[in-house]
Amino acid sequence: MGTLTGLFSNNRRREAQAVVGTLPYAIESADLREGTAAVVATNELYTLLNFPDNVVITSVSLVVETGCEFAAGTALVKIGSTTVIPATTVATAGITASDDCPLLLEGDNALTVTPASLTVTDANADARLRVVVEYIDFDRATMSYIGED
């Protein structure tokens, strides 16, 4: 049985990357001087970012940090048309990880969050959702060689 590792073959290492998309409840603060009301997250689809083609998504997590919980509501996370995190409560701190990874992206690569029935009180006015995505961009990833300093 032969080996497949050679200097310019399978000993290349690709580096994984991660991004964080944040959806705050208060998207834009009220401007008392201009007389405009605050803009808050509602029951609509929000695009956090777009991935290029030829990306392998290795993990997706919905993070609700302690002190940033909502009083009530859920959030659904999609990449393209694939639901990676189904509707999940966001009223308690914690992490919800996707079961649908790895995922190869080709075409519609938007990372979107759709909140439903979000409510806050004064105690959780800083509520926000974070989506952490780890991925490998195999067309543009940086490479080094295993064993290289």
Quick one: would you say residue 87 is in a strand (DSSP E or B), among the small types (Gly, Ala, Ser) and within 22 Å of residue 19 (Cβ to Cβ)? no
By residue number, the members of region 79-123 that are touching a residue at least 60 places away in the same chain (Cβ under 8 Å) and either more than 15 Å from the chain's Cα centre (by Cα) or closer than 21 Å to residue 68 by Cβ (or both) are 111, 112, 113, 114, 115, 116, 117, 118, 120
Quick check on region 52-62. Is at least one of its residues assigned to a loop (DSSP other than H, G, I, E, B) and under 23 Å from residue 117 (Cβ atoms)? no
If a residue has to be more than 30 Å from residue 54 (Cβ to Cβ) and either free of Cβ contacts under 8 Å to residues at least 24 places away in the same chain or out of contact with any Asp or Glu (no Cβ under 8 Å at 6 or more places or on another chain) (or both) to count, how many in region 124-134 make the cut? 2
How many residues does region 90-117 contain that are assigned to a loop (DSSP other than H, G, I, E, B) and touching a Phe, Trp or Tyr at 6+ places or on another chain (Cβ under 6 Å)? 3
Lone qualifier among 66, 58, 22 - being exposed (fewer than 12 other Cβ atoms within 10 Å of the Cβ), modelled with pLDDT of 85 or more, within 30 Å of residue 90 (Cβ to Cβ) and among the β-branched types (Val, Ile, Thr): 66
Selection from region 119-134 of residues that are modelled with pLDDT of 90 or more and in a strand (DSSP E or B): 128, 129, 130, 131, 132, 133, 134
For residue 32, indicate whether it is surrounded by 13 or more Cβ atoms within 10 Å (Cβ to Cβ) and out of contact with any helix residue (DSSP H, G or I) (no Cβ under 7 Å at 6 or more places or on another chain). no
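The values are calculated or read from the model by the stated rules, or taken from the named source; none is laboratory data. All figures in this text were calculated on a predicted structure; none of them were measured in a lab. Note that each Cβ is placed from the backbone with ideal geometry, even for glycine, and that neighbours are counted across all protein chains shown.
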